[in-house]
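Have a look at the structure below, then the notes.
The values are calculated or read from the model by the stated rules, or taken from the named source; none is laboratory data. Here the structure is a predicted model, which means the values were calculated and not measured. Cβ coordinates were reconstructed from backbone atoms using ideal geometry, including for glycine residues, and neighbour counts include every protein chain displayed. Just the protein is used for accessible areas: all its heavy atoms, side chains included, with ligands, DNA and RNA removed. Shrake-Rupley method; radii C 1.70, N 1.55, O 1.52, S 1.80 Å.
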Amino acid sequence: MQNVIEAVTPKGDVVFRAADGSYIVAQQIDAKPLKQAQILEGALETIGIETATDVATGLRYQFFIAGYGLSREGAFGAPE
């Protein structure tokens with residue numbers, strides 16, 4: 001499944017938009033640079049450690065998936 005990076009924080013928190021429109025919240029395990037709008041392919045619908053591959057470069061990234069199937073509000077938190 002293709003997942004688009006919506007946000008990356010300096011401490012490695014990542015929010016993906018899945019192909020079905022839901023959102024995934026993860027923590028990057030490796031130290032490879034990520035950027036907004038990057039497309040990673042992988043099955044990220046399981047809590048725990050998963051690997052995703054950049055469709056453009058073939059680089060593989062590891063994440064700890066903390067939540068999936070979330071709404072945008074659930075992924076980014078409630079507005080303050």
Lone unmet requirement of (1) part of a strand (DSSP E or B); (2) among the polar types (S, T, N, Q); (3) out of contact with any Ser or Thr (no Cβ under 7 Å at 6 or more places or on another chain) for T46 | (1)
Taking into account only those residues within region 14-27 that are in a strand (DSSP E or B) and open to solvent by 50 Å² or more (accessible area, probe 1.4 Å), which is nearest to E73 (Cα to Cα)?
-> R17
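State yes or no: is T9 at negative phi, modelled with pLDDT under 95 and of a type in the set (V, I, T)? Step through it out loud before you land on a result.
On the way: at negative phi: yes; modelled with pLDDT under 95: yes; of a type in the set (V, I, T): yes.
Taking the combined requirement at face value, the residue satisfies it.
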D30 being closer than 18 Å to E73 by Cβ, in a loop (DSSP other than H, G, I, E, B) and not β-branched (V, I, T) | no
